[in-house]
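Reviewing the structure listed below.
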Amino acid sequence: MPVITCIDDLKRLHRKRTPKMFYDYCESGSWTEQTFRENTSDFQKIRLKQRVAVDMTNRTLETEMIGQKVAMPVALAPVGLTGMQRADGEIKAAKAAEKFGVPFTLSTMSICSIEDVAEHTSAPFWFQLYTMKDQDYLRRLIERAKAAKCSALVITLDLQILGQRHMDLKNGLSAPPKLTPKVLADLATKWTWGLEMLGTKRRSFGNIVGHAKGVTDPSSLFSWTAEQFDPQLDWGKIEEIKKMWGGKVILKGVLDPEDAKMAAKVGCDAILVSNHGGRQLDGALSSIRMLDPILDAVGDEVEVHLDSGIRSGQDVLKAVSMGAKGTFIGRAFVHGLGAMGEEGVTRALEVIAKEMDISMALCGKRDIKDMGRGDLLIPEDFSGRWKD
Ligand code: GLV
């Protein structure tokens, strides 16, 4: 059993054990990948303040996200095709999250369906929604999430059209993969993955196939998004979806203070500051850089969460100390899943919790809720000086 000390260890195993097409899908950003890179490198610019001679006993990372108790301020983000990283991947990740006591968010573009995940878990999970042109399908999707007792709807606002990730085109990304000679040569070195996949029936987009009409190639993310997603989404439609749902809502993909104000006005339980892990608008600023301006705009009115760039417990600690009430991890848990299945997701959560717990203690704090800006050193020009 390999010794796992950090998320990078899981990432290395993920790369070794998972077909290239799916590892690349996870690890890519759009176009030049500037935003993808800066999401992580900007976290490094923020520093933690070391304090000494304080009682470090009885520490806790427990807090709440949208009124729900969480073991630490980390939720699993919605990630498309998670069930291609490992057979039944969404079920495995949801089970690991449930045991750990953190929320799991199921993507619309998952392999396991809403019903599959509900059947294999007992804690309510969150459902991420893309807004669709087909109103009937959209309504049924929302009804299915309600029937599965999902406890929050995470509406993604930043993917009406798909940003281009070069590797996905070069690799011919599809679910299930098309068995070209190149893919077969790659699969020949990924035995466990292949055997596990043969043992499951879940190998295509579970929320779409058999549910959505008019998709010409249901195995292709590109045709599915191009044909189904609503490029005319506006705040009025978001309000309608909120009404249809009637429960807790997180608005995901907000990166601008003006949009944050609109999101707060429309009403939501949280805003998720995100640039989609650098997978959509390349050249946008990192999420952590945009956190402060968004907190200034709406921090008093609505809970602000953050994703994009979190690869360690220190990153979570920095975001939370700046004022985020919660964070989401995507790649960090997918590396765990691709490396070691459900156990790998648990390892990813353990790694992050341990890093957060020890770093918090070394900052002189015992309760995550007591961490604040006073525990950070933030460069004076961190939010940047930009000319509009
Ligand atoms: C979907 O959410 C993607 O980023 O591919």
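The values are calculated or read from the model by the stated rules, or taken from the named source; none is laboratory data. All values reported here derive from a predicted model rather than from experimental measurement. Every residue, glycine as well, gets a Cβ built from its backbone with ideal geometry; the counts of neighbours run over all protein chains shown. Please note that ligands, DNA and RNA were not included when accessible areas were found on the heavy atoms of the full protein model with its side chains. Shrake-Rupley method; radii C 1.70, N 1.55, O 1.52, S 1.80 Å.
Values for this structure:
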read-out	value
Span from the the stretch 174-232 Cα centroid across to the the stretch 312-388 one, whole angstrom	32
Among the listed pairs K242/K318; K69/K243; K20/K45; K149/K242, those beyond 20 Å (Cα-Cα)	K242/K318; K69/K243; K20/K45
Selection of trypsin sites (Lys or Arg not before Pro), the stretch 74-152, meeting DSSP coil and at most 15 other Cβ within 10 Å	K133, K149
Residues in the stretch 1-25 reached by a label modelled at K170 [backbone nitrogen below 14 Å; 7 Å Cα→Cβ]	20-25
Loop-located GluC sites (Glu not before Pro) in the stretch 299-388 whose Cβ has at most 16 other Cβ within 10 Å (DSSP)	E301, E380
For the chain, built as a Gaussian network whose Cα springs stay under 10 Å, the top-fluctuating residue of V304, V351, V254	V351
Backbone N under 12 Å from the K16 label point (7 Å along Cα→Cβ), restricted to the stretch 339-381	339-340
K178/K237 FRET efficiency (R0 25 Å; Cβ-Cβ; nearest 0.05)	0.10
Carbon/sulfur fraction of accessible area - the stretch 1-146, other protein chains in place, 1.4 Å, %	49
Carbon + sulfur, % of accessible area of the stretch 177-254 - ligands and nucleic acids excluded, 1.4 Å	62
Contour excess over end-to-end distance, with Cα ends at T189 and K146 and 0.36 nm allotted per residue	11.4 nm
Listed residues D357, D234, D256, most fluctuating in the chain (Gaussian network, C-alpha, under 10 Å)	D234
Accessible surface, the chain, averaged per residue in Å² (probe 1.4 Å)	42
